[in-house]
Amino acid sequence: METRENNRFTKKYPIGFALSGGFIKGFAHLGVMQALLEHDIKPDILSGVSAGALAGVFYADGNEPHRVLDFFAGHKFQDLTKLVIPKVGLFELEEFIDFLKSNLKAKTMEELLIPLIITATDLDHGRSVQFYKGSIAERVAASCCMPVLFSPVKIEGTYYVDGGVLMNLPVSTIQNVCNRVVAVNVSPLMANKYKMNIVSIAMRSYHFMFRANTFPEREKADLLIEPYNLDGYSNTELEKAEKIFMQGYDVANTLLERLKESKGSVWKEETIVKP
């Protein structure tokens, strides 16, 4: 893994957050992290995929989770993407990259206040790749680049797409450098009603495959938070960011309070914190 070659990640971190993909549901990450913060659970390192990388980078840049909503207030999906004649994707992400460059204080991953690892999929070589250094905006965009919907993002001669294709919940990315890992999965596998047509069947099958790789990652977490109440939001409904945030916040608060009351701790009983 690339992270092992970087001295920044050779030490042990007390707590790491692993944040899943989930497109518009990624705003629930911010709600969950706000609840964790209010329970005095703070990340010393972050690992994010797609929407999790986006939420993670704003947190790592020094913003309290609920304040991140301000950056997206007044924006629409069309403001952050550009519709193109489809060759390799329906939309391009140049506007999204510009948005990130305009709103993040740090320009490179090395400048972030909290270490962040971003997972993307190397489309050219068929592998999962972890970014820990370099320009932030392009790497977040690469991790968020859902195939077909967005054109692949080219970085140093290689094309990248959504990190969730191969790893939608990046626990193992930081497991070896953390005493404890909090996994936030905003895309649990759900089998809801669907339309019996070719597009609906194709998209349903795609999301099942996309989310199935989270199963082994879920088991590795020391605390797993999965908001199951995020269905029904269109991926273009940025105006509903606050509602999605609050659903993540409420689910996390309820779970944390219940665990503390029933077990006296939010962590798995078998978790051993190493010095």
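Summary of values
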| item | result |
| --- | --- |
| From phi via Karplus (6.51, -1.76, 1.60), per-residue ³J(HN,Hα) for region 158-171 in Hz, x at Gly/Pro | 10, 8, 10, 10, 3, x, x, 4, 10, 8, 8, 9, x, 6 |
| Protection proxy ranking of 30-41, 11-22 - average other beta-carbon atoms within 10 Å, highest first | 11-22, 30-41 |
| Out-of-range pairs (alpha-carbon distance over 23 Å; input Lys11/Lys220; Lys12/Lys220; Lys25/Lys263) | Lys25/Lys263 |
| Net lengthening on full extension, Leu259/Val148 (0.36 nm per residue, minus Cα-Cα) | 35.9 nm |
| Rounded percent of accessible protein surface that carbon and sulfur make up, region 104-225, 1.4 Å probe | 60 percent |
| Other-chain or far-sequence residues with amide H under 5 Å of Asp44's (modelled H) | Ile15, Gly16, Phe17 |
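The values are calculated or read from the model by the stated rules, or taken from the named source; none is laboratory data. Computed from a predicted model, the values in this text were never measured in an experiment. Here the Cβ is made from the backbone with ideal geometry for all residues, glycine too, and neighbour counts use every protein chain on show. Just the protein is used for accessible areas: all its heavy atoms, side chains included, with ligands, DNA and RNA removed. Shrake-Rupley method; radii C 1.70, N 1.55, O 1.52, S 1.80 Å.
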